[in-house]
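For reference, the structure is listed below as structure tokens.
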Amino acid sequence: MKIINGLAAVTLYLLIIVSSVGAQSFEYFPGAKYDPAIPKLKEIVGHDWGQRITTHSEAVAYINALQQSAPGRIKVVKYGETWEGKSLHVVFIGSASNISRLESIKAGMEKLSDPRKTTPGEANQLIASLPSMLWLMCSVHGNEISGVDAGLLTAYHMLAIQNDELVSNAMLNTVVMIDPMQNPDGRDRFINYFRQNLGRFPDSDLQSAEHNETWPSGRVNHYLFDMNRDWFAQTQPETRGRTRVFLQWFPQVVADLHEIGTSSTYYFAPPALPWNPNLTRQQLDWLAKMGKNNAAWFDRFKFDYFTRENYDSFYPGYGEGWPLFHGSIGMTYEQASVRGLEAMRDDETVMLYRDSIQHHFIASLSTIEMTAKNREVLLRNFYDYRRNAIEEGKSEAVKEYIITPGNDPNRAARLAELLMMSGIEVRRAEAPFKNPRTRDYFEGVTLPREFPAGSYLVTLSQPAKRLAKTLMDKHTEQDKEFLDEQRRRNKLRQSEDFYDVTGWSLPLLFDVPCFMAEQPSDVKAVVLKEPPRPAGRLSGGQAKLAYLIPWGTQSAASALADIFRQNIRVHEIDKAFKLNGTSFPAGTLIVKVKDNPADLYERMLKVADGHGADVFATDSAWVEDGPNFGSANVRFLTRPKIAIAYNAPVSPNSVGWLRYIIEQRYGYPVTTIRAEQLRSADLSRYNVLILPDGGSGYSQNLGDGAAVKEWVQRGGVLIGIAGAVNWLADEKVGLLAVKREKREKAEVKSEKKDAAETAARPDALEKAVEPSDEFPSSVPGAIVRIKVDQSHWLGYGYGETTSVMVDSNRIFSLIKLDKGTNVGVYLPEDRMLLSGFMWDDSKKQLPNKAYLIHSRMGRGHIVGFAEDPNYRAFMDGLNLMMINSIFLGPGH
């Protein structure tokens, strides 16, 4: 039978869907005729789609086989590797003509992406000749399994189907990019667990072991990151590879294939509120068009679906969100998950793995159809989006952001690099300059200011203006309609619909000096093509006495990690001092020539150069002010031997962020110990023990903490993060003398009215039904300011205040002076909240409460962070505080 394609044809073929559960007898696209020269999945890996869950090695073997069978219409490109060495690929599929000119297409897309270099006339010529680009990205969460097999099926279908109008039109007008497996490490972790627990027959009971992964689950990558939150932070190699691919090809449409709960259905655009105000109405209209086309396909296949619920396009770190700010039509597709081969749903139907594959496959075909049909208008909209962004930037109240090197030039440089990695143009001033109308992030007062050479300029008059603005603005507003509804739900103690954090301003996360300029700066500035690398230097030549490294920068911290690794003896001074006319802050490192290797000078040269650190040589310990090097304020820093609690009840994200920062950012080794082994572990091998976020679960593994207390008293440094502080503060444990606070209750004022009248008032009725014992409302990821005790070694390197992320309802009382020190305290209410949303009750109760707590116990220390300072590894401004606790703690 000759296939008549398109949506009308689908209806004709629905009648012949085979009802057998055997995947080999199931038609994913009913009635299709396929070219036998193109191999099916089973011919390469031994199973058909839906019979087994395809592993990374099997997927790679299959896409390579497809390329061998149809070399003119498919090209497989490796774009990176995971931490575990698994390859990452993009599969390009199109007509032989388009595949043969991929490099030319890439060059054309680059021209189209920058209207400053491409006139409207030149753009018209490009639009007439270029195909539209669609990127299907599969299973960034490794245990959301159907996307991968759907992606492989889509590739096969496009190459093998015969006499199909939809695919023929798509091959001619579109290049389809398929990333078949975004998270190979997590997927293979899930598959290994599933296969180990699978019996002779698949079990649809969701209580069965095969459906319930053990810690940390396959959702996360090797370092236990949720990579669907990493697109602007770009901490992981997988994410960095994908952003590079995007900025090479600028696909006009991006669909990110995910999974949701088993008893749900299928979600596609348009998204729920809130809608990021930096996106356009035209993009929202396109999301509705894409959704309507998906709906038409799903209706004909009788697939259930939902839209405008749960999934928003507010946070710019999603796989669909980040591309939106560049002008793409970015969409999340969410399929109910089988988490195996079959699963019983709440409605007592059994869903098979093949069903979930088919749903993603049909959504992919619908998206391909729309991208091909609308080739010209999508290309034109993309060009206009970026051209209009340039013009919008000229009319914004803030025309430019100015980032100064500040006290930590390498941290400012890292922010500049991160912006560049996101396709945002950054310039560097070649000379000092003045700008007459600037505001900083805290005062909000417009003043003329002078700025040094080396400052970074981010103008909003650029094609990536909308991404630059959403990342650099102090705060991004949410829809009033959305917030009003959340307040109503909160008042009734119903769950709220905040899907992710509500604050992410990069200058605040990095805690760098940043200014908003109301007019562009008049200065010679060069557009950065390579990431800036502030050079370190060793001043004073070869020292006869010691080398000094001023504390307070990430460069100094990474230099210290290197010094520790080389077993170089190093001291630290707890008071500021002045030597040879140079002022050195508290925390400055002293590397003495005595008792260190003979080649110390050569080593210190490499430390300065390798880490961008400033190193000062001195031949004398005589100081003009402050303590001398023989003072009791000078401490020998014992090399940290770090143990980290691992496995349940530890939060996979929290321990992953922590481990990544220590190992990868600062290049220092750690030992991970399963939490259930901590009570019996030989902790004497370590002088630092870190308990990542873990809620109340530590009680099961550590009990009353007797073994840990004994270890601390002997000189150990115990660090608790976020939920772990709950355990430290537990009365039965008593390691930190603070209390987690319950929600404060406001009294209803009677105003001397009689009891009946008072009770009838609406506010009195509300109070009457409020829970009597509850925690404060949970803050949905807001950035707030804390005051730092700069005299305490945990606060070394900080100014008076710094920024932290609050993403919980944990509020801890201040520790009394005889029990410890409140090193970090939330600012008063009128100065605390900087970015994001916070409930009124939390906003009133959190000020002047403890963020960072320190207590002595015997010869050791206990440190508690009320929130996770390593959050998503994008809180660069807090790295030093964490390093202080780890690297300086054993020396105190």
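The values are calculated or read from the model by the stated rules, or taken from the named source; none is laboratory data. Because the structure is predicted, anything quoted here is derived from the model rather than measured. A quick note on method: Cβ atoms are made from the backbone with ideal geometry, for glycine too, and the neighbour counts reach across all protein chains shown. Just so you know, the surface numbers come from the protein's heavy atoms only, side chains and all, with ligands and any DNA or RNA stripped out. Shrake-Rupley method; radii C 1.70, N 1.55, O 1.52, S 1.80 Å.
Would you mind stating whether Asn228 is touching a Gly at 6+ places or on another chain (Cβ under 7 Å), assigned to a helix (DSSP H, G or I), open to solvent by 10 Å² or more (accessible area, probe 1.4 Å) and on the phi < 0 side of the Ramachandran plot? Show your work before the answer.
On the way: touching a Gly at 6+ places or on another chain (Cβ under 7 Å): yes; assigned to a helix (DSSP H, G or I): yes; open to solvent by 10 Å² or more (accessible area, probe 1.4 Å): yes; on the phi < 0 side of the Ramachandran plot: yes.
In short, yes.
Within region 640-682, can you find the residues that are part of a strand (DSSP E or B), within 30 Å of Ile573 (Cβ to Cβ) and not hydrophobic (A, V, I, L, M, F, W, C)?
Listed by number, the list holds a single entry, Thr671.
Give the residue, chosen from Asp205, Asp256, that is acidic (Asp, Glu) and surrounded by 18 or more Cβ atoms within 10 Å (Cβ to Cβ). Working first, answer last.
Values: Asp205 fails: surrounded by 18 or more Cβ atoms within 10 Å (Cβ to Cβ).
That would be Asp256, the only listed residue that is acidic (Asp, Glu) and surrounded by 18 or more Cβ atoms within 10 Å (Cβ to Cβ).
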Residues that are in contact (Cβ under 8 Å) with a residue 24 or more places away in the chain, within 30 Å of Leu112 (Cβ to Cβ), open to solvent by 30 Å² or more (accessible area, probe 1.4 Å) and outside any loop (DSSP other than H, G, I, E, B): does region 428-439 have at least one?
yes
What is the number of the single condition among (1) open to solvent by 30 Å² or more (accessible area, probe 1.4 Å); (2) under 29 Å from Asp614 (Cβ atoms) that Leu418 does not meet?
(1)
Would you point out which residue out of His892, His854 is modelled with pLDDT under 95 and under 17 Å from Gln790 (Cα atoms)?
His892
Identify, by number, the condition in (1) open to solvent by 50 Å² or more (accessible area, probe 1.4 Å); (2) among the small types (Gly, Ala, Ser); (3) within 30 Å of Phe225 (Cα to Cα) that Ser651 doesn't meet.
(1)
Name the strands (runs of 3 or more DSSP E) wholly within region 505-564 that hold at least 2 residues that are at pLDDT 95 or above and closer than 23 Å to Arg639 by Cα?
546-549
Might you check whether a residue that is assigned to a helix (DSSP H, G or I) and charged (D, E, K, R) occurs anywhere in region 167-183?
no
Residues of region 69-93 being closer than 19 Å to Glu238 by Cβ, among the basic types (Lys, Arg) and either under 21 Å from the mean Cα position of the chain (by Cα) or outside any strand (DSSP E or B) (or both), in sequence order, are Lys86
Answer residue from region 569-586, given it is among the aliphatic types (A, V, I, L, M) and assigned to a strand (DSSP E or B) and is surrounded by the fewest Cβ atoms within 10 Å (Cβ to Cβ) among those:
Leu579
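Would you check which residues across region 342-353 are of a type outside the set (Gly, Ala, Ser) and either buried (at least 22 other Cβ atoms within 10 Å of the Cβ) or out of contact with any helix residue (DSSP H, G or I) (no Cβ under 9 Å at 6 or more places or on another chain) (or both) and list them?
Looking only at region 342-353, we keep the residues that are of a type outside the set (Gly, Ala, Ser), and these are 342, 344-353.
Those that are of a type outside the set (Gly, Ala, Ser) and either buried (at least 22 other Cβ atoms within 10 Å of the Cβ) or out of contact with any helix residue (DSSP H, G or I) (no Cβ under 9 Å at 6 or more places or on another chain) (or both): Met344, Arg345, Asp346, Asp347, Glu348, Thr349, Val350, Met351, Tyr353.
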Considering only residues that are among the basic types (Lys, Arg) and either assigned to a helix (DSSP H, G or I) or modelled with pLDDT of 95 or more (or both), look in region 482-504 and name the one that is least open to solvent (accessible area, probe 1.4 Å).
Arg489
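The rows are residues; the columns are (1) among the β-branched types (Val, Ile, Thr); (2) closer than 20 Å to Gln790 by Cα; (3) in contact with a Pro (Cβ under 9 Å, 6 or more places away or on another chain).
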site: Asp562; (1), (2), (3): no, no, no
site: Arg569; (1), (2), (3): no, no, no
site: Glu572; (1), (2), (3): no, yes, no
site: Lys575; (1), (2), (3): no, yes, yes
site: Lys578; (1), (2), (3): no, yes, no
site: Pro585; (1), (2), (3): no, yes, yes
site: Leu589; (1), (2), (3): no, yes, yes
site: Ala598; (1), (2), (3): no, no, no
Conditions (1) surrounded by fewer than 19 Cβ atoms within 10 Å (Cβ to Cβ); (2) of a type in the set (Asp, Glu); (3) part of a helix (DSSP H, G or I) -> Asp188 fails only (1)
Tell me which residues, restricted to region 865-887, are of a type in the set (Ser, Thr, Tyr) and either open to solvent by less than 10 Å² (accessible area, probe 1.4 Å) or modelled with pLDDT under 95 (or both).
Ser885
Filter region 456-481 down to the residues that are open to solvent by 40 Å² or more (accessible area, probe 1.4 Å) and either of a type in the set (Phe, Trp, Tyr) or part of a helix (DSSP H, G or I) (or both) and list them by number.
Lys480, Glu481
Can you tell me which residues in region 630-646 are closer than 15 Å to Ile883 by Cβ and touching a Lys or Arg at 6+ places or on another chain (Cβ under 8 Å)?
Ile644
Say whether the condition of being open to solvent by less than 10 Å² (accessible area, probe 1.4 Å), in a loop (DSSP other than H, G, I, E, B) and closer than 30 Å to Trp727 by Cα is met by at least one residue in region 624-639.
yes
Which of the numbered conditions does Val445 fail, given that it passes all the others? Conditions: (1) farther than 21 Å from Gly321 by Cα; (2) open to solvent by less than 50 Å² (accessible area, probe 1.4 Å); (3) among the aliphatic types (A, V, I, L, M).
(2)
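Quick test for you: out of Ile105, Ile99, Ile63, pick the one residue that is in contact (Cβ under 8 Å) with a residue 12 or more places away in the chain, part of a helix (DSSP H, G or I), open to solvent by 10 Å² or more (accessible area, probe 1.4 Å) and not basic (Lys, Arg). Explain how you work it out, then say what you get.
Details: Ile105 fails: open to solvent by 10 Å² or more (accessible area, probe 1.4 Å); Ile63 fails: open to solvent by 10 Å² or more (accessible area, probe 1.4 Å).
That would be Ile99, the only listed residue that is in contact (Cβ under 8 Å) with a residue 12 or more places away in the chain, part of a helix (DSSP H, G or I), open to solvent by 10 Å² or more (accessible area, probe 1.4 Å) and not basic (Lys, Arg).
Do we find that Met137 is closer than 23 Å to Tyr353 by Cα and assigned to a strand (DSSP E or B) in this structure?
On the way: closer than 23 Å to Tyr353 by Cα: yes; assigned to a strand (DSSP E or B): yes.
The answer is yes for Met137.
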Which residues, counting only those in region 566-591, are closer than 21 Å to Gly610 by Cβ, free of Cβ contacts under 8 Å to residues at least 60 places away in the same chain and not hydrophobic (A, V, I, L, M, F, W, C)?
Gln566, Thr588
From Ile853, Ile862, residue being under 27 Å from the mean Cα position of the chain (by Cα), surrounded by 19 or more Cβ atoms within 10 Å (Cβ to Cβ) and β-branched (Val, Ile, Thr)
Ile853
